[in-house]
Every structure is written in C-alpha cells, then in structure tokens.
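Here's the structure, in structure tokens; my notes come after.
The values are calculated or read from the model by the stated rules, or taken from the named source; none is laboratory data. Quantities reported herein were computed from a predicted structural model and do not represent experimental measurements. Reconstructed Cβ throughout: ideal geometry from the backbone, glycine too, with neighbour counts over all protein chains shown. Accessible surface areas use protein heavy atoms only, side chains included; no ligands, DNA or RNA. Shrake-Rupley method; radii C 1.70, N 1.55, O 1.52, S 1.80 Å.
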Amino acid sequence: LINNSLIKKAKLDPNFIYSMSPRQFEEFVAELFEKDGYSVSLTQQTHDGGKDMFIVENKRLGKFIYYVECKKYSPEFPVGVRLVRELYGTVISDRATAGLLVTSSYFSKEARHFSEQIKTQISLMEFADLKTWLSEIPDINIR
C-alpha cells in the first residue's frame, strides 16, 4: 500500500488527489479505510470485476462484505449512472452486503437519483466527501 506521505500531502492540499494515478487513488482510499479501522483487501489492478477492494467486517450480527469501486476522474468530469448500476449489479450478483463508489470528481444527477432508490445497498462518495474525511484524520496519525 501507499505510504502516509500521500495522505499527508492530500490532507494539506486535497487537490493533490488529481495528480495520483488511478491505482494510487485506489491505494489512497484503501489507506483511508484502514485508518478508520477497517480490514481492506485490494484486488488486482486488472480484471477486478467491478470492485477495486473488499472491506470485511466481522461483527456480532455477522460477517459483512462491502465492495468499493474507485474512479479517479478530473474535477469537471462526473461519474454517470452507468457505473452506479454496474456496481449495484455486481453487489447483487455476488450477494455482497453493499457497495461504495468513490470518485475524485462528483456524481451526475442521474447517478444520485438512482443511488437514492437503492441507498441501503449503494453509497456514493465524491471529492467533497474525501476532503471532509481527510480533515477528520488527526495529524498525529500521519507519519
């Protein structure tokens, strides 16, 4: 996985995310989840089947598996509804607990509308959400 220097740089300047490669963006998101205490497994770079990582939670209520798909787009290029539908189809087909689509951009109106209809199974996280998440990471945890 990436080192904390990318997280540190993104915390100081969230626009640094745009200089990351797509794989670095996936690793960056994985590292953020790990910092929140989740168990994360990155998939191989190619042929990931619509999921860049798995997050597994073993709780008293059972074992939960979340699929995370990352899309590193430029700030003016929104993620459309097609990708939300594809992730939803993968979650349903594989019987995962839920899915999360994370982007360095934002989501189209159609993508937001569709995700609202399935909000217990698909969540969306865009650049503004990543900035908020980064601001919540204590500086002492970045070495």
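What to note about this one:
- Screening residue 131 with (1) outside any helix (DSSP H, G or I); (2) under 23 Å from residue 31 (Cβ atoms) gives one miss only, at (1).
- Among residues of segment 123-138 that are among the charged types (D, E, K, R), those with a beta-carbon under 6 Å from a residue that is part of a helix (DSSP H, G or I) at least six positions away or on a different chain give the pairs 131/14.
- Filter result (closer than 12 Å to residue 67 by Cα and open to solvent by less than 20 Å² (accessible area, probe 1.4 Å)) within segment 97-143: 98, 99, 101, 102, 122
- Remark: pairs (first residue in segment 5-17, closer than 15 Å to residue 73 by Cβ; second residue open to solvent by 50 Å² or more (accessible area, probe 1.4 Å) and in a helix (DSSP H, G or I); Cβ separation under 6 Å; 6+ apart in sequence or on different chains) = 14/131.
- The listed residue being in contact with a helix residue (DSSP H, G or I) (Cβ under 6 Å, 6 or more places away or on another chain), open to solvent by 70 Å² or more (accessible area, probe 1.4 Å) and modelled with pLDDT under 90, out of 6, 1: 1
- Condition met for residue 22 (touching a Lys or Arg at 6+ places or on another chain (Cβ under 8 Å), open to solvent by 50 Å² or more (accessible area, probe 1.4 Å), within 16 Å of residue 130 (Cβ to Cβ) and at pLDDT 90 or above): yes
- Residue in segment 71-80 that is of a type in the set (Phe, Trp, Tyr) and either under 23 Å from residue 108 (Cα atoms) or in contact with a Phe, Trp or Tyr (Cβ under 6 Å, 6 or more places away or on another chain) (or both) present: yes
- So residue 64, is it in contact (Cβ under 8 Å) with a residue 60 or more places away in the chain and not basic (Lys, Arg): no
- Any hit, segment 82-90, residues being in contact with a Phe, Trp or Tyr (Cβ under 7 Å, 6 or more places away or on another chain), at pLDDT 95 or above, open to solvent by less than 60 Å² (accessible area, probe 1.4 Å) and more than 21 Å from residue 120 (Cα to Cα): no
- Scan segment 27-69 for residues that are within 19 Å of residue 93 (Cα to Cα) and either of a type outside the set (Val, Ile, Thr) or open to solvent by 70 Å² or more (accessible area, probe 1.4 Å) (or both) and the total you get is 13.
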